Amino acid sequence: MKTIAIGVLFGLVFPLSIRASSDFDKWKKQFSLKASKKGLNSKFVLNQLESVSYKPKIIEKDRNQLTSDSSINYPSFIDRWLSSNPPRVNKGKELLSENRELLEQIEKKYSVDKEAIVSLWGVETLYGNITGDYDIVSVLSTLAYDKRRRSFFEKELMAALTILKEGHIDRENFKGSWAGAMGQCQFMPTSFLMYAQDFDGDGKKDIWKNKKDLFASMAYYLKRAGWKKNKEIGLLATKKGKVNFNHKKMRRPSQYNKLGLRTLDGKKLQGNWRRKIALIPHKNSPLVLRGSNYRAIMRWNRSSLFAALNILLMEEFKKN
């Protein structure tokens with residue numbers, strides 16, 4: 001019985017793997033022709049894709065990333081997130097002090113708060129400690145070959161190949177996340193081409209190892225997203241029970257106080273402003289009272305949780 005089962009297994013799987021490999025090779029040739037019409041040399045493209053093979057595990061990750069956020073308990077998550085190794089708040093303050101002169105130069109040029117740059121750095125990659133070790137060309141080729149978001153990832157792959165052609169990084173070190181996000185700020189390749197900066201003027205835009213280019217690139221992205229210096233992303237507030245009012249309505253602090261909202265340390269809200277709220281899709285999560293820079297941070301990542309994480313870090317950094 002075992003021999004028959006194994007035979008059946010190979011009879012089903014082996015031809016499928018051959019077919020997938022054959023189809024993937026055909027796709028690579030078709031893509032090289034398409035890329036040549038966009039200004040990339042087809043021989044260069046085929047050379048970069050020659051050693052690339054289809055990676056089913058990348059597709060599995062893509063399919064399984066859409067999990068229910070409502071099952072996550074926010075307080076437990078945030079405790080783990082803040083106490084990571086290195087601890088996000090303490091390490092961020094240390095790096096702010098260590099890089100203050102450079103950050104102040106960039107803050108002055110781009111009109112973006114230095115605390116926002118370090119905060120995003122900490123949220124995205126734990127200050128460069130978690131950047132991903134996947135070959136960018138391989139993962140983008142696999143995702144571009146897949147039909148679910150082919151158009152999107154073909155554009156990203158073309159951008160990635162352009163980055164290589166322009167010499168900003170060599171192929172061996174062209175690493176990132178399983179979805180193609182790159183460097184210590186996790187830019188997608190198309191974002192790199194639009195926003196990456198050569199701040200030190202060496203002819204390369206290096207978001208992998210060069211802090212000057214990294215910080216400037218992040219600042220320029222935020223500037224283009226409409227960032228307003230010395231303004232808040234928002235304020236985190238708590239409310240007992242479920243939110244049972246229109247969260248799209250603009251309200252003043254006094255109105256939110258009457259509805260039962262309080263700051264994270266239990267105090268009444270104060271200030272002269274009118275804001276909408278954003279809901280975080282976790283259990284027992286706070287609300288985000290959206291500030292002037294909420295829309296800019298959404299341009300970076302359309303997630304209210306992402307905004308909340310940056311609010312937490314920036315508030316701590318601003319206390320210095």
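Remarks
- Residues considered: 287, 235. Of these, the only one that is closer than 28 Å to residue 97 by Cα and either buried (at least 20 other Cβ atoms within 10 Å of the Cβ) or touching an Asp or Glu at 6+ places or on another chain (Cβ under 8 Å) (or both) is 235.
- When 54, 134 are screened for being more than 24 Å from residue 232 (Cα to Cα), crowded, with 17+ Cβ neighbours inside 10 Å, at pLDDT below 95 and hydroxyl-bearing (Ser, Thr, Tyr), only 54 passes.
- Restricting the stretch 29-67 to residues that are hydroxyl-bearing (Ser, Thr, Tyr) and under 23 Å from residue 181 (Cβ atoms), the residue that is farthest from the chain's Cα centre (by Cα): 51
- Filter result for residue 275 (farther than 21 Å from residue 77 by Cβ, buried (at least 18 other Cβ atoms within 10 Å of the Cβ) and not small (Gly, Ala, Ser)): yes
- Residues that are of a type in the set (Lys, Arg), farther than 23 Å from residue 131 by Cα and part of a loop (DSSP other than H, G, I, E, B), drawn from the stretch 202-235: 228, 229, 231
- Residues satisfying the stated conditions in the stretch 194-219, i.e. within 24 Å of residue 296 (Cβ to Cβ), touching a helix residue (DSSP H, G or I) at 6+ places or on another chain (Cβ under 7 Å), buried (at least 19 other Cβ atoms within 10 Å of the Cβ) and of a type outside the set (S, T, N, Q): 195, 196, 199, 205, 207, 211, 215, 216, 218, 219
- Residue within the stretch 111-122 that is over 20 Å from the mean Cα position of the chain (by Cα) and either buried (at least 21 other Cβ atoms within 10 Å of the Cβ) or of a type in the set (D, E, K, R) (or both) present: no
- Which numbered condition residue 151 fails, given (1) within 30 Å of residue 43 (Cβ to Cβ); (2) more than 19 Å from the chain's Cα centre (by Cα); (3) in contact (Cβ under 8 Å) with a residue 40 or more places away in the chain; (4) not in a loop (DSSP other than H, G, I, E, B): (3)
- Members of the stretch 119-163 that are more than 19 Å from residue 54 (Cα to Cα) and of a type in the set (D, E, K, R): 124
- Residue within the stretch 236-253 that is over 21 Å from the mean Cα position of the chain (by Cα), at pLDDT 95 or above and part of a helix (DSSP H, G or I) present: yes
- For the stretch 295-320, the set of residues classified as closer than 24 Å to residue 265 by Cα, without any contact (Cβ under 8 Å) to a residue 12 or more places away in the chain and assigned to a loop (DSSP other than H, G, I, E, B) consists of 303, 319, listed by residue number.
The values are calculated or read from the model by the stated rules, or taken from the named source; none is laboratory data. The structure displayed is predicted, hence computed values, not measured ones. Backbone-built Cβ (ideal geometry, glycine too); neighbour counts: all protein chains shown.
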